[in-house]
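Below is one structure, written out as structure tokens, with a few remarks after it.
Readers should treat all values here as calculations from the given coordinates under stated rules, not as data from a laboratory. This is a predicted model, so every value here is computed, not measured. Note that each Cβ is placed from the backbone with ideal geometry, even for glycine, and that neighbours are counted across all protein chains shown.
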Amino acid sequence: MKRIVMAICVCLTVLTLVGSAFAAELWDWHLRGADEGVAAGALPPPGAYFVNDFYWAPSWKLYGNDGHLNLNVAGPGTEAKLAAFVDIPVLVWVPGLNILGASYGAAIAQPFDFASLRVVNANTGSTLASGQQWGAYNTVFDPIILSWDIPYNFHVSAAFQVGFNDGTSSVGESKASATQLYSDKLLSKSGTNAYAWSSNNAYTFTPVIGLSWLYNGWNVSAEFMYTFWTKDNSADIQNGDQFGADYTVTYSWNRWIFGLGAAQENQVYNDKGNVALQSGALSYGKILNSENVNYSMGPIIGYNFGPCSLMFTYNFALKTKNDVGGDWAMLRLVVPLGNPSSWY
């Protein structure tokens with residue numbers, strides 16, 4: 001079968017709004033479902049590849065710990081709505097080296113995002129506060145990706161990715177003030193602006209395991225990720241570890257690819273930060289009921305133009321807790337760049 005080029009471990013996700021019951025950092029660690037449709041356990045043939053994911057979340061809303069819409073974002077009867085576009089250019093390099101019997105590869109991604117956030121009256125729909133901004137998310141680097149071919153058409157990969165604390169945002173306030181701002185009902189100092197920042201003020205470290213069964217046009221794959229966060233010292237907040245997985249079942253017919261994808265995201269531990277005691281004093285500890293949960297599923301369709309290929313994925317939201325959630329769509333472009341040694 002034609003092997004689908006792997007957009008390895010693109011590590012950007014959609015917004016998580018900060019508050020006493022929501023994840024500490026503004027953004028999650030992995031763009032939900034971004035690796036649906038890829039052969040998670042296999043690397044492509046030796047060479048360099050350009051991958052670009054265009055990700056669109058048109059109408060996400062904020063959900064509380066009970067899985068229902070949060071209607072107290074900025075007071076009773078208010079909710080948050082988010083529209084986000086994320087562009088993720090990725091360079092993947094497979095030099096043709098073998099390490100420990102595995103094919104070696106590396107990748108780097110520099111995502112960019114635009115987000116429009118509104119805090120509205122849930123009853124009338126009128127806007128109470130809003131803001132739009134664009135920026136660059138934290139750079140993601142995969143220094144090592146290893147892929148083993150094992151019997152019976154199975155493939156296993158292991159990777160390690162690092163998310164750097166180097167993002168930027170078009171909003172003119174510092175990350176520290178923004179984090180503090182969001183903990184106070186998501187409103188800025190003017191009381192009329194609410195922004196979704198473009199990056200996090202922390203590093204991330206993520207081991208990744210990919211499994212694939214590739215046979216006679218079939219691609220059955222699963223990618224498992226576990227992310228550790230460093231502390232956001234500017235806001236004195238520690239995000240809880242997070243587990244995520246992207247799943248793929250596709251079939252290739254001539255140049256077409258059809259199938260189904262699914263994604264999950266589960267925060268393993270509560271966030272840590274300053275918690276108000278009954279006395280009114282602040283004490284550093286667990287922020288209860290702050291683990292975010294997301295599940296989604298939907299169709300995949302792709303076409304191989306030879307040598308470039310396009311793949312469209314649409315996911316329906318199934319469940320969201322302590323996070324913004326909703327349907328989303330993604331278009332992936334894969335362009336083989338050839339062997340870098342032949343460029344000279």
| field | Percent RCO, i.e. relative contact order, over the range 199-344, from Cα pairs under 8 Å lying at least 6 residues apart | value | 15
| request: Return the distance in nm (one decimal) between the two label points of a simple spin-label model at Asn98 and Trp218, each offset 7 Å from Cα along Cα→Cβ. | output: 2.8
| message | Less than 17 Å from a label point 7 Å out along the Cα-to-Cβ axis of Ala122: which backbone N atoms in the range 66-84 qualify, by residue? | response | 66-82
| task | Add +1 for every Lys or Arg and -1 for every Asp or Glu among the other residues with Cβ under 14 Å from the Cβ of Tyr104, and state the total. | result | -2
| query | Stretched out fully, how many nm does the piece from Asp241 to Asn153 gain, at 0.36 nm a residue minus the Cα gap? | reply | 28.4 nm
| field | Net charge of neighbours whose Cβ lies under 12 Å from the Cβ of Cys308, counting Lys and Arg as +1 and Asp and Glu as -1 | value | +2
| task | Lys and Arg at +1, Asp and Glu at -1: add these up for the other residues within a Cβ distance under 13 Å of Gln161 and post the number. | result | -3
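What FRET efficiency do you get for Ile108 and Leu69 if R0 is 56 Å and r is their Cβ-Cβ distance, rounded to the nearest 0.05? The partial results should precede the final answer.
On the way: r = 38 Å, r/R0 = 0.67.
E between Ile108 and Leu69, to the nearest 0.05, is 0.90.
Going highest first, how would you order 92-101, 57-66 by mean Cβ packing within 10 Å? Don't jump to the answer; show the numbers that get you there.
Details: 92-101: 13.6, 57-66: 18.5.
In decreasing order of mean packing, 92-101, 57-66 become 57-66, 92-101.
What does the extension gain come out to for Trp56 and Leu331, with contour length at 0.36 nm per residue minus their alpha carbon separation?
Gain in length upon complete extension: 98.1 nm.
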| query | Under 5 Å between amide H atoms, partner at least 5 residues away or on a different chain: which partners does Asp327 have, H built in plane at 1.01 Å? | reply | Ala317
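Which of the peptides 229-235, 84-90 is most tightly packed, and how do the rest follow, judged by the mean count of other Cβ atoms within 10 Å per residue?
On the way: 229-235: 18.0, 84-90: 20.0.
Taking the mean over residues of other Cβ atoms within 10 Å, the ranking is 84-90, 229-235.
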| query | At Ser234 and Tyr269, where each label point lies 7 Å from the Cα along Cα→Cβ, what is the point-to-point distance in nanometres? | reply | 2.3
| query | Expressed in nm to one decimal, what extension gain is obtained for the pair Phe85 and Asn339 from 0.36 nm per residue of sequence separation less their Cα-Cα distance? | reply | 88.3 nm
| task | Pull up all non-local amide H partners of Asn201: gap of 5 or more, or a different chain, and H-to-H distance under 5 Å with H placed in the peptide plane. | result | Leu26
